[in-house]
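Encoded as C-alpha cells, the structure appears first; notes follow it.
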Amino acid sequence: MQKIGEITSNNEVLIQTDVSLQAHNSLAVPAKAAYFSRCSSVPQLLGSLDFAKSNGLSVLVLGEGSNIVLSGDYDGMVVLNRLTGIELVSENSESVVVDVAAGENWHDFVGYALERAWFGLENLALIPGLVGAAPIQNIGAYGVEVKDSIEAVHVLDIESGQVRILSNSDCQFAYRDSIFKHALSAKYVITSVVFRLLKTAQLTLTYPALAANLTASACPIDVYNAVCQIRASKLPMPDDIPNAGSFFKNPVVDQDKHRQLTALFPSIVAFPLDGGSAKLAAAWLIEQCGWKDKSVDAVYVHRDQALVIVNPNFKSGNSILKMAAAIQADVKSTYDVVLEIEPRVY
Ligand SMILES: Cc1cc2nc3c(=O)[nH]c(=O)nc-3n(C[C@H](O)[C@H](O)[C@H](O)COP(=O)(O)OP(=O)(O)OC[C@H]3O[C@@H](n4cnc5c(N)ncnc54)[C@H](O)[C@@H]3O)c2cc1C
C-alpha cells in the first residue's frame with residue numbers, strides 16, 4: 001500500500017492519515033479513521049475515491065455523523081461530503097424543482113425553502129445533518145417523511161466513479177429506510193438531492209404535539225416555528241450532550257399483536273397504520289422497562305427521553321452498543337417486541 005502522511009493528489013484533495021473522528025460523530029465516540037478526506041468539489045470526491053480504489057480501501061461517506069455508531073477505528077477511508085450549492089431547476093404554477101448539493105445543511109435548506117415560499121419540508125425543521133444523508137434513512141418527523149418531496153437522487157458509483165440518477169421509486173423509501181441501507185449500501189456517494197416543493201402549502205398537523213400547538217388557520221411558518229420549539233424543548237442537542245437522536249426505530253406490529261399488547265398493557269402508546277398494523281412508541285416500551293437515566297458502562301439513557309442514548313463520558317461505540325443490547329433484551333422479554341437500532345453501525 002502506498003504510504004502517506006498528508007498528500008495532495010492531482011485533484012487537489014488532501015488525504016490525511018490516522019485522523020480522530022470524535023468531532024465527526026454526534027455520539028463523540030473517540031474512534032479514528034486510517035485515511036480521511038474532506039471533499040467540497042466533485043473532482044476532490046473523484047480523487048478520493050480513486051485513491052481508495054488504488055489502495056484497496058473501503059470507503060465510508062459521512063455528512064455530519066449524526067446518525068452513526070462507530071464500533072471501533074475505521075481502517076478504510078472516511079470521505080466527508082461537503083459539496084455545496086442550490087439550483088432552481090424548473091418551476092410551474094404549482095411547484096418548484098430544486099437540486100441541492102449533498103453537503104448543504106439540512107435545517108438551513110428547510111429555512112431557505114420557506115423563505116422562498118416553497119413548502120413541504122416545514123415539519124422536518126431542525127433535524128441534524130446534511131442534505132445528502134436525508135434519503136438514506138428517509139428522514140421523518142411530526143407526520144412527514146422526506147420521500148414525499150424527493151424527485152430524484154444524484155449519485156457517484158464508489159467503484160467506477162460513474163454518475164447515476166435514481167428516481168424516487170428507485171430509492172425504495174420506507175419508514176426510516178431506503179435502498180441505500182440495503183442493496184445499494186456503501187455503493188454510492190450521494191452528490192445531490194432533487195426536491196419538488198409546493199407553492200401552495202398543504203399542512204400536515206396530524207401529529208398530536210403539533211395539533212395541540214396550532215390552530216386550523218396556521219401557515220407553514222407557524223408549523224416550522226412550532227416544530228423548532230417542540231424539538232428544542234424535548235430533544236437534547238448533540239452539542240450539549242453527545243447523542244444520535246432516537247436510538248431505536250418505533251417497532252411495527254400486526255393487528256393481532258397490537259390487540260394482544262393492548263389487552264395486557266392498556267396504556268401502551270401506538271399509532272395505527274393502514275391495514276390494521278400499528279407503530280408502537282419505542283420510547284414508551286423503554287421507559288416502562290425503567291431505563292430512563294439508567295447507565296451501562298457510563299453510557300446513559302437520557303433522563304427525559306427514553307429513546308435517546310447519551311454519551312457524556314465519551315465512551316466507545318462498543319459501550320454504547322452494550323447499552324443498546326441490554327435495552328433490546330429487556331423490551332423483548334417484557335413485550336416480545338424486537339427493537340431495531342436506527343443509526344448505522346460501523
Ligand atoms: C438530536 C438528533 C435528532 C434527530 N432527529 C431525527 C428525526 O427527527 N428524524 C430523523 O429521521 N432523523 C433524526 N436524526 C438522525 C439524523 O439527523 C438523520 O439521520 C440525518 O439525516 C443524518 O445526517 P448526517 O449528515 O449527520 O448523516 P451521517 O450520520 O453522516 O450519515 C448517516 C448515514 O448516511 C450515509 N451518508 C451520509 N451522507 C452520505 C452521502 N452523501 N452519500 C452516501 N451516503 C451518505 C453515511 O455513510 C451513514 O451511513 C436525529 C439525530 C440527532 C442527533
* Give me the pairs: first residue in the range 140-157 and more than 17 Å from Leu184 (Cβ to Cβ) and touching a residue at least 40 places away in the same chain (Cβ under 8 Å), second residue assigned to a helix (DSSP H, G or I) and near the ligand (Cβ under 9 Å from one of its atoms), beta-carbon distance under 7 Å, and six or more apart or on different chains, which are they? -> Ala141/Leu124; Val144/Leu124
* To do: Please work out if Val155 is within 12 Å of the ligand (Cβ to nearest atom), within 17 Å of Ala101 (Cα to Cα) and either assigned by TED's automatic domain parsing to the domain that holds Gln44 or over 13 Å from the mean Cα position of the chain (by Cα) (or both).
  => yes
* To do: Identify all residues within the range 115-142 that are surrounded by fewer than 19 Cβ atoms within 10 Å (Cβ to Cβ) and either of a type in the set (Lys, Arg) or in a helix (DSSP H, G or I) (or both); write none if there are none.
  => Glu115, Arg116
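Would you point out which residue out of Gly65, Gly72 is surrounded by fewer than 23 Cβ atoms within 10 Å (Cβ to Cβ) and not aromatic (Phe, Trp, Tyr)?
Numbers: Gly65 fails: surrounded by fewer than 23 Cβ atoms within 10 Å (Cβ to Cβ).
Of the residues listed, the single one that is surrounded by fewer than 23 Cβ atoms within 10 Å (Cβ to Cβ) and not aromatic (Phe, Trp, Tyr) is Gly72.
Each row is one residue, and each column tells you yes or no for (1) among the aromatic types (Phe, Trp, Tyr); (2) buried (at least 19 other Cβ atoms within 10 Å of the Cβ); (3) touching a His at 6+ places or on another chain (Cβ under 8 Å); (4) modelled with pLDDT of 95 or more.
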| position | (1), (2), (3), (4) |
| --- | --- |
| His258 | no, yes, no, yes |
| Phe265 | yes, no, no, yes |
| Ile268 | no, no, no, yes |
| Leu273 | no, no, no, no |
| Ala282 | no, yes, no, yes |
| Asn313 | no, no, no, yes |
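Could you tell me whether Val79 is at pLDDT 95 or above and either in a loop (DSSP other than H, G, I, E, B) or in contact with a Cys (Cβ under 9 Å, 6 or more places away or on another chain) (or both)? I'd like the intermediate steps shown before the answer.
Values: at pLDDT 95 or above: yes; either in a loop (DSSP other than H, G, I, E, B) or in contact with a Cys (Cβ under 9 Å, 6 or more places away or on another chain) (or both): yes.
Yes, satisfied.
Which of the strands (runs of 3 or more DSSP E) contained wholly in the range 184-275 include at least 3 residues that are farther than 29 Å from Val310 by Cα and within 12 Å of the ligand (Cβ to nearest atom)? Reasoning before the result, please.
On the way: elements: 188-198, 243-246, 270-272.
The qualifying strands (runs of 3 or more DSSP E) are 188-198.
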* To do: Would you please list the contacts, defined by Cβ atoms under 9 Å and residues six or more apart or on different chains, that run from a residue in the range 127-139 that is assigned by TED's automatic domain parsing to the domain that holds Asp108 and polar (S, T, N, Q) to a residue that is within 6 Å of the ligand (Cβ to nearest atom) and at pLDDT 95 or above?
  => Gln137/Asn67; Gln137/Arg344
* Is the range 220-229 home to any residue that is surrounded by fewer than 17 Cβ atoms within 10 Å (Cβ to Cβ), touching a residue at least 60 places away in the same chain (Cβ under 8 Å) and either closer than 30 Å to Ala201 by Cα or not assigned by TED's automatic domain parsing to the domain that holds Lys322 (or both)? -> yes
* Asked: Taking the range 86-114 on its own, how many of its residues are in contact (Cβ under 8 Å) with a residue 60 or more places away in the chain and part of a loop (DSSP other than H, G, I, E, B)?
  -> 4
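The values are calculated or read from the model by the stated rules, or taken from the named source; none is laboratory data. Keep in mind that this is a model prediction, so the values were computed, not measured. Neighbour counts run over all protein chains shown; Cβ positions are idealised from the backbone, glycine included.
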